[in-house]
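Student: The structure that follows is given in the form of structure tokens.
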Amino acid sequence: MNFELKTLDLHAAATHKTDALIILVSAKDTTIGKDPLSQLIAEARKSGDLDATPAKLLSVWRPQGVSTQRVVFVSSGDGSARVVRQAVTAAVVALKSAKPAHLTLCLTDASEHRLQVAAQAVADASYVYTATKPSAKAAVLTRVVLALPTAEKTQAAKHAFELARAQVAGVSLAKEWGNRPPNHGTPTHLAGVAKALGKKAGMHCQVLGPKEIEKLGMGSFAAVARGSVEPLRFIVLQYNGAAKSVAPTVLVGKGITFDSGGISLKPGPGMDEMKFDMCGAASVLGTFEALSHLKPAINVVGLIPTCENMPDGTALKPGDVITSMSGQTIEVLNTDAEGRLILCDALTYATRFKPRAVIDIATLTGACVISLGHVRSGLFSPSDDLANALFAAGEASLDLCWRLPLDEEYAEGLKSNFADVANVAGREGGSITAAKFLQRFAKDYPWAHLDIAGSAWKSGAAKGATGRPVGLLLQYLLGTVETAASAKTAPKKTAKKATGRAAKA
Ligand code: BES
Ligand code: MN
Ligand code: ZN
């Protein structure tokens, strides 16, 4: 999907060539122009067909004096980001049956601040999966014009536009790979995506296989992969946008390309959805895609342990005790709690980068879906600064999360008579006990964990990956640019201070 930024007021929009025109109408905007579109708005308002009700639609076919066949007016309500998203989504959905290839969105009232939300909403609402369904290609929207009435030439609008475009590209990549059927999205396929990213400017990619993983002592990760014929991969992606001396943020993504549960086999119905168990990994790849567009002055490392979780004669069994890279032994009481087993070794590996912060992203627990549903991702961190920064990034990008606790008492159930730690506790507070397990391996740096089990994909008729939390991660990372810069340029004494601050958030 190609995005373009244009200056178009309603007067110019009337003669603009496009397949469909969406016009965001604000209740605040009461100036009535003489052009046909403004006149239409004024009349529709008078008749009550267009009011300030958020996302209320009015579809018009071949309006007089307008070049476009289809025009959809939609109320942007109070103009908040949430309503803009809701309004744009509703309008794009209303146009779906017309299958426009070229769409123009007039943000008459919404300022450049809403470009990001509006562009993402167009991309999300018009997304069509085609990788293994070529017949769906006819419905693909190829060109989108984002039109602002006057602001095109301002720096702010251009900046917002670039950000929007990068985010859409990142989210699309995450969705695309999240959606791939498990036989078309193996660990080896994911490594291929990472290698392609690694060829872009400022990027570097290294892929480790079973032998290297054994050498590193990643006994926990290797144990999960044991039951599958697909070889595991450990992806190390690096984006270097700042000096080497600037400590990187490390993103760790869970890459289980299919989670059958292993010997602790999952029930049959809905098991296909466990192809989405690599959405954490996909979000890391998507974030790197976005970084490759924006090239911010920061350093970022992406670590992706990826494998299948399958039952087999060679598979990990309940009761097995395995040794993690950290040296801690783990009693596997349930082979379906495999995400934490592959993440713990990646968290230990992260230490070597002397990171300013490490964030893991994982479709980790069904319990998180019970707590937070599909609206907010679960956020866990012992660091208030890091948790607050991630929470704020979620609010700003509308890729929401909510902090859950990490009290020591929650770790009680992970005690084992046969190893340093068990891989599961009881059913209660399951997303928190999973986070407590991970915390044991993330002691060397400020750490946060995002449980995206409820937010990474949708079930039912709308079944498909959401590309979350690429929006949140990108917003967060861009917010670290200043701390990274001050850590690099400040004189020695203050540099220490700045690094300290950066290390916290
Ligand atoms: N990938 C699943 C988590 C999951 C389940 C995400 C359902 C979304 C929907 C994870 O590997 C898993 O199976 N977790 C278990 C943990 C349990 C055995 C302690 C779960 O949540 O049931
Ligand atoms: Mn599982
Ligand atoms: Zn899983």
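Student: Under unit Cβ charges (Lys, Arg +1; Asp, Glu -1), what dipole magnitude, rounded to 20 debye, does the range 7-79 have relative to its Cα centre?
Tutor: 140 debye
Student: Also: 5 Å is the cut-off here: which amide hydrogens, built 1.01 Å from N in the peptide plane, fall below it relative to Thr363, excluding neighbours closer than 5 in sequence?
Tutor: Lys254, Cys279, Gly280, Ile452
Student: How much net charge surrounds Gly202 when only the other residues with a Cβ under 13 Å from the Cβ of Gly202 are counted, with Lys and Arg +1 and Asp and Glu -1?
Tutor: Counting the neighbours of Gly202, the net charge comes to +3.
Student: If R₀ is 25 angstrom, what is the calculated FRET efficiency for the pair Thr188 and Asp444, using the beta carbon separation as r and rounding to 0.05?
Tutor: The value I calculate is 0.25.
Student: Sorting Cys401, Cys205 on the 10 Å Cβ count, fewest up front, what's the list?
Tutor: The fewest-first ordering by Cβ neighbours comes to Cys205, Cys401.
Student: If you look at just the Cα atoms of the range 2-156, how large are its Rg and its Dmax in Å?
Tutor: Computed over the Cα atoms of the range 2-156, radius of gyration and Dmax are 14.8, 49 Å.
Student: If you don't mind, there's one more thing I want to ask. Once R0 is set to 35 Å, what does the formula 1/(1 + (r/R0)^6) return for the Cβ-Cβ distance between Lys415 and Ala462, expressed as a FRET efficiency to the nearest 0.05?
Tutor: 0.25
Student: Sticking with this structure for a sec: Counting only helical runs of four or more DSSP H residues, what would the 222 nm mean residue ellipticity of the chain come to if each run contributes -39,500 (n - 2.57) and the total is spread over all its residues?
Tutor: Taking each H run of at least 4 residues, the total per residue is -11000 deg cm²/dmol.
Student: Any chance you could check the Cα centroid distance between the range 209-228 and the range 134-197 for me, in angstrom?
Tutor: What the calculation gives is 33 Å, centre to centre.
Student: 7 Å from Cα along Cα→Cβ at both Lys158 and Asn2: what's the point-to-point distance in nm?
Tutor: 2.0 nm
Student: A further question on this structure: Taking +1 at the Cβ of each Lys and Arg and -1 at the Cβ of each Asp and Glu, which of Ile342, Gly429, Phe391 sits farthest along the dipole of the range 336-458 towards its positive end, judged by Cα position relative to the Cα centre?
Tutor: Among Ile342, Gly429, Phe391, the one farthest towards the positive end of the dipole of the range 336-458 is Ile342.
Student: Along the charge dipole of the chain, which of Leu57, Gly33, Ala290 sits closest to the positive end, that is, farthest toward it, with unit charges on the beta carbon of Lys, Arg, Asp and Glu (+1, +1, -1, -1)?
Tutor: Gly33
Student: Next question, about the same structure. Using amide H atoms built in the peptide plane, which far-off residues or other-chain residues are under 5 Å from Thr108 H to H?
Tutor: Correct list: Leu24.
Student: Another question, if that's okay. Along the charge dipole of the chain, pointing to its positive end and built from +1/-1 on Cβ of Lys, Arg, Asp and Glu, which listed residue (Thr108, Val369, Gly471) has its Cα farthest out?
Tutor: In the chain, that residue is Thr108.
Student: In whole Hz and in residue order, list the ³J(HN,Hα) couplings for the range 358-375 that follow from phi through the Karplus curve 6.51 cos²θ - 1.76 cosθ + 1.60, θ = phi - 60°; x for Gly and Pro.
Tutor: Once rounded to whole Hz, the list reads 10, 10, 9, 10, 8, 7, 8, 9, x, 4, 5, 5, 5, 5, 10, x, 9, 8.
Student: Between Val128 and Ile370, what's the calculated FRET efficiency when r is the beta-carbon distance and R0 is 35 Å? Round to 0.05.
Tutor: So the FRET efficiency works out to roughly 0.65.
Student: How much net charge surrounds Trp402 when only the other residues with a Cβ under 13 Å from the Cβ of Trp402 are counted, with Lys and Arg +1 and Asp and Glu -1?
Tutor: Neighbourhood net charge equals -1.
Student: Pop a pseudo-label 7 angstrom from the Cα along the beta-carbon direction at both Ala12 and Asn388 and give the gap in nm to one decimal.
Tutor: If labels sit at Ala12 and Asn388, their model points lie 4.3 nm apart.
Student: Return the tail of the calculated pair distribution for the chain, meaning the percent of Cα-Cα pairs more than 38 Å apart.
Tutor: 30 percent
Student: Can you tell me the 0 to 90 degree angle between the C-alpha axis of helix 115-126 and the longest principal axis of the chain, rounded to 10?
Tutor: On a 0 to 90 degree scale, this one is about 80.
Student: Length gain on complete extension for the stretch Arg82 to Lys195, per 0.36 nm per residue less the alpha carbon to alpha carbon distance? Write out the running numbers ahead of the final one.
Tutor: On the way: separation 113, 0.36 × 113 = 40.68 nm, distance 3.60 nm.
Full-extension gain reported as 37.1 nm.
Student: Once the other residues with Cβ under 14 Å from the Cβ of Gly178 are scored (Lys, Arg +1; Asp, Glu -1), what is the net sum? It would help to have the intermediate numbers written out before the result.
Tutor: Values: positive: Lys175, Arg180, Lys254, Lys275, Lys458, Lys463, Arg468; negative: Asp124, Glu176, Asp259, Asp272, Glu273, Asp277, Glu289.
The answer is 0.
Student: May I ask you to derive the relative contact order of the chain, considering only C-alpha pairs under 8 Å and at least 6 residues apart, and to give it as an integer percent?
Tutor: On the way: 1193 pairs, mean separation 70.0, N = 505.
In percent, rounded to a whole number, it is 14.
Student: Could you put Met310, Met1, Met278 in order, starting from the residue whose Cβ has the fewest other Cβ atoms within 10 Å?
Tutor: In order of increasing Cβ crowding within 10 Å: Met1, Met310, Met278.
Student: Evaluate the relative contact order of the range 2-156 (contact order divided by residue number), counting alpha-carbon pairs under 8 angstrom at least 6 apart; express in whole percent. Each step should come with its number before you reach the end.
Tutor: Details: 307 pairs, mean separation 51.5, N = 155.
About 33 percent, as a whole number.
Student: Using Cα-Cα distances under 8 Å and only pairs 6 or more residues apart, what relative contact order does the range 199-486 have, in percent?
Tutor: Once divided by the residue count of the range 199-486, the mean separation gives 23 percent.
Student: Between the alpha-carbon centers of the range 400-425 and the range 36-108, tell me the distance in whole angstrom.
Tutor: The range 400-425 and the range 36-108 have Cα centres separated by 50 Å.
Student: Taking the Cα centre of the chain as origin, work out the dipole magnitude from +1 charges on Lys and Arg Cβ and -1 charges on Asp and Glu Cβ, in debye rounded to 20.
Tutor: Values: 56 positive and 44 negative charges, 292 e Å.
Dipole about the Cα centre, nearest 20: 1400 debye.
Student: Which entries of Lys195/Lys354; Lys99/Lys199; Lys133/Lys175; Lys99/Lys175; Lys34/Lys96; Lys175/Lys195 have Cα-Cα distances beyond 27 Å here?
Tutor: Flagged as over cut-off: Lys99/Lys199; Lys34/Lys96.
The numbers here are math on the coordinates, done by the rules we state, and not lab data. These numbers come from a predicted model, not from an experiment. We place every Cβ from the backbone using ideal geometry, glycine too, and count neighbours over all the protein chains shown.
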